[in-house]
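Student: Dropping the structure in here first, questions after.
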Amino acid sequence: ARPVKLSVHVHCYGKGKKLLLSRDITALEQAEAMRRDFVANVSHEIRTPLTVVSGFIETLQTFPLKKPERDRYLCLMAQQSQRMQTLVDDLLTLSRLEGSPLPGAQEWSATKILFAQCEQEARALSGVIAPQGHQLVFEPGPACEIAGIQREICSALSNLVTNAVRYTPEAGLIRVSWALLADGRGEFRVRDSGPGIAPEHLPRLTERFYRVDRSRSRETGGTGLGLAIVKHVAQRHGAELRIESQVGQGSCFSIIFPAARVRQPVQAA
Ligand code: ADP
């Protein structure tokens, strides 16, 4: 049986009468522990680049460095502040997702537009990370619309595609597709020929700041929040996030949107 934490209060009333009130605070304690962990993680993530930047500032103030060494330091400082910027952006995205009401059925997002945006991002990132080139294949499938907030779905899809680009070694194959399934649901799928993920990591991948390979994630600009964002977006849209992966065989991430929310776009008259 799981341990239960109780808070007990004794109220005295009337003549020697006592009322014993007990409350199960297990969930409250767990939430508090999670909050503490989260704050510790965020502080650690921010402190690392901050330490690098302040160290470099001190060096530049102490030693009158000349070009090109000075430029090298400035470039490293720019990289670290970009890292902090990305972290803050991801934290804000997560907190917005948690704080805003569930999307209604009023907003429709065209799969063609989602594809175009994420293809543009993936190609730009791939050019920076793997200049030798990944093979990026986009298969937009039938033109559909999904009930949901375009900005959110786009950010989920971009997170999956950028992960595929970042974790797949150069000259790998990344395939992004949209398809209507036999049961009427719609599936975004991002498959890569990267290193794959061992089964013991799979259940924890969507936890905030969980990384299989911490240094690889940092090296390629990861914040450890991408899949937590994807999971939130999927949940908010009643969609299912599936992760299939085997070490040495690549990974496949998919988001499956419920049937009722997929429809053909209205044709212009
Ligand atoms: P990060 O910013 O570190 O990429 P994510 O939440 O997006 O954070 O992913 C969590 C971890 O899952 C990553 O650190 C990485 O170890 C692993 N991962 C995610 N996508 C892939 C992928 N396509 N191939 C291999 N590992 C992946």
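Student: Those residues that are modelled with pLDDT under 95, crowded, with 18+ Cβ neighbours inside 10 Å and not in a loop (DSSP other than H, G, I, E, B), I need them from region 235-249; list them, please.
Tutor: The answer is 236, and nothing else.
Student: Further question: If a residue must be closer than 19 Å to residue 110 by Cα and assigned to a helix (DSSP H, G or I), how many such residues does region 142-179 contain? Spell out how you get there, then give the answer.
Tutor: Quick first cut of region 142-179, residues closer than 19 Å to residue 110 by Cα only: 142-161, 176-179.
Among the residues that remain, those that are also assigned to a helix (DSSP H, G or I) are: 150-161.
Total meeting the criteria: 12.
Student: When only residues in region 1-50 that are part of a strand (DSSP E or B) and basic (Lys, Arg) count, which is nearest to residue 79 (Cα to Cα)? Spell out the reasoning first.
Tutor: First, the residues of region 1-50 that are part of a strand (DSSP E or B): 6-13, 17-24.
Subset that is basic (Lys, Arg): 17-18, 23.
Values: 17: 67, 18: 64, 23: 49 Å.
Across region 1-50, the extreme among qualifying residues is 23.
Student: Further question: Within region 122-141, which residues are in a helix (DSSP H, G or I) and either surrounded by 17 or more Cβ atoms within 10 Å (Cβ to Cβ) or of a type in the set (Val, Ile, Thr) (or both)?
Tutor: At the first step, the residues of region 122-141 found to be in a helix (DSSP H, G or I) are 122-129.
Scanning region 122-141 gives 122, 125, 126, 128, 129.
Student: Can I ask one more? Could you tell me whether region 250-268 includes any residue that is modelled with pLDDT of 80 or more, surrounded by fewer than 19 Cβ atoms within 10 Å (Cβ to Cβ) and small (Gly, Ala, Ser)?
Tutor: Scanning region 250-268, I find no residue that is modelled with pLDDT of 80 or more, surrounded by fewer than 19 Cβ atoms within 10 Å (Cβ to Cβ) and small (Gly, Ala, Ser), so the answer is no.
Student: Between a first residue in region 241-252 that is touching a residue at least 24 places away in the same chain (Cβ under 8 Å) and a second residue that is exposed (fewer than 13 other Cβ atoms within 10 Å of the Cβ) and not in a strand (DSSP E or B), which pairs have beta carbons less than 6 Å apart while being 6 or more apart in sequence or on different chains?
Tutor: Qualifying pairs under 6 Å: 247/198.
Student: Additional query: Right, residue 177: away from the ligand (no atom under 11 Å from the Cβ) and either buried (at least 21 other Cβ atoms within 10 Å of the Cβ) or over 12 Å from the mean Cα position of the chain (by Cα) (or both) or not? Lay out the reasoning, then the answer.
Tutor: Values: away from the ligand (no atom under 11 Å from the Cβ): yes; either buried (at least 21 other Cβ atoms within 10 Å of the Cβ) or over 12 Å from the mean Cα position of the chain (by Cα) (or both): yes.
Yes: the conditions hold for residue 177.
Student: I'm told residue 253 meets every condition in (1) in contact with a strand residue (DSSP E or B) (Cβ under 8 Å, 6 or more places away or on another chain); (2) assigned to a loop (DSSP other than H, G, I, E, B); (3) near the ligand (Cβ under 9 Å from one of its atoms) except one. Can you identify the failing condition by its number?
Tutor: Tallying (1) in contact with a strand residue (DSSP E or B) (Cβ under 8 Å, 6 or more places away or on another chain); (2) assigned to a loop (DSSP other than H, G, I, E, B); (3) near the ligand (Cβ under 9 Å from one of its atoms), residue 253 fails exactly one: (2).
Student: Looking at 78, 110 in this structure, which one is more than 21 Å from the chain's Cα centre (by Cα), surrounded by fewer than 21 Cβ atoms within 10 Å (Cβ to Cβ) and modelled with pLDDT of 90 or more? I'd like the intermediate steps shown before the answer.
Tutor: On the way: 110 fails: modelled with pLDDT of 90 or more.
Within the list 78, 110, the selection yields 78.
Student: For the condition loosely packed, with under 13 Cβ neighbours inside 10 Å and either among the polar types (S, T, N, Q) or over 22 Å from the mean Cα position of the chain (by Cα) (or both), what is the one hit in 92, 21, 60, 50?
Tutor: Working: 92 fails: either among the polar types (S, T, N, Q) or over 22 Å from the mean Cα position of the chain (by Cα) (or both); 60 fails: loosely packed, with under 13 Cβ neighbours inside 10 Å; 50 fails: loosely packed, with under 13 Cβ neighbours inside 10 Å.
Criteria check complete, one pass: 21.
Student: Can you pull out the residues in region 207-225 that are within 7 Å of the ligand (Cβ to nearest atom) and not small (Gly, Ala, Ser)? Steps first, answer last, please.
Tutor: Keep residues of region 207-225 that are within 7 Å of the ligand (Cβ to nearest atom), which gives 210-213, 216-217, 222-225.
Within region 207-225, 210, 211, 212, 213, 216, 223, 225 qualify.
Student: Still on this structure, I have one more. Among the candidates 21, 74, 97, 87, single out the residue that is in contact (Cβ under 8 Å) with a residue 40 or more places away in the chain and out of contact with any Ser or Thr (no Cβ under 8 Å at 6 or more places or on another chain). First the steps, then the outcome.
Tutor: Values: 21 fails: in contact (Cβ under 8 Å) with a residue 40 or more places away in the chain; 74 fails: in contact (Cβ under 8 Å) with a residue 40 or more places away in the chain; 87 fails: out of contact with any Ser or Thr (no Cβ under 8 Å at 6 or more places or on another chain).
Being in contact (Cβ under 8 Å) with a residue 40 or more places away in the chain and out of contact with any Ser or Thr (no Cβ under 8 Å at 6 or more places or on another chain) holds for just one of 21, 74, 97, 87, which is 97.
Student: Here's a follow-up. Under 8 Å between Cβ atoms, at least 6 apart or on separate chains: pull out the pairs that start in region 175-192 with a residue that is of a type in the set (Gly, Ala, Ser) and end on any residue that is within 16 Å of the ligand (Cβ to nearest atom) and assigned to a strand (DSSP E or B).
Tutor: What qualifies is 177/188; 177/189; 177/191; 179/189.
Student: Between 228, 182, which is out of contact with any Cys (no Cβ under 8 Å at 6 or more places or on another chain), more than 12 Å from the ligand (Cβ to nearest atom) and either modelled with pLDDT of 95 or more or assigned to a loop (DSSP other than H, G, I, E, B) (or both)? Outline the logic, then answer.
Tutor: Numbers: 228 fails: more than 12 Å from the ligand (Cβ to nearest atom).
The unique qualifying residue is 182.
Student: Quick one: would you say residue 187 is more than 12 Å from the ligand (Cβ to nearest atom), farther than 30 Å from residue 34 by Cβ and among the acidic types (Asp, Glu)?
Tutor: Values: more than 12 Å from the ligand (Cβ to nearest atom): yes; farther than 30 Å from residue 34 by Cβ: yes; among the acidic types (Asp, Glu): yes.
For residue 187, the condition - more than 12 Å from the ligand (Cβ to nearest atom), farther than 30 Å from residue 34 by Cβ and among the acidic types (Asp, Glu) - is met.
Student: Okay, next question. Would you please name the residue that is modelled with the highest pLDDT, looking only at residues in region 185-225 that are among the acidic types (Asp, Glu) and in contact with a Ser or Thr (Cβ under 6 Å, 6 or more places away or on another chain)? Quick ask: steps written out before the conclusion?
Tutor: Applying the first criterion (among the acidic types (Asp, Glu)) to region 185-225 yields 187, 192, 200, 207, 213, 219.
From what is left, the residues that are in contact with a Ser or Thr (Cβ under 6 Å, 6 or more places away or on another chain) are 187, 192.
Working: 187: 94, 192: 97.
In this case the residue turns out to be 192.
The values are calculated or read from the model by the stated rules, or taken from the named source; none is laboratory data. Just so it is clear, the structure is predicted and the values come from calculations on it, not from any experiment. We place every Cβ from the backbone using ideal geometry, glycine too, and count neighbours over all the protein chains shown.
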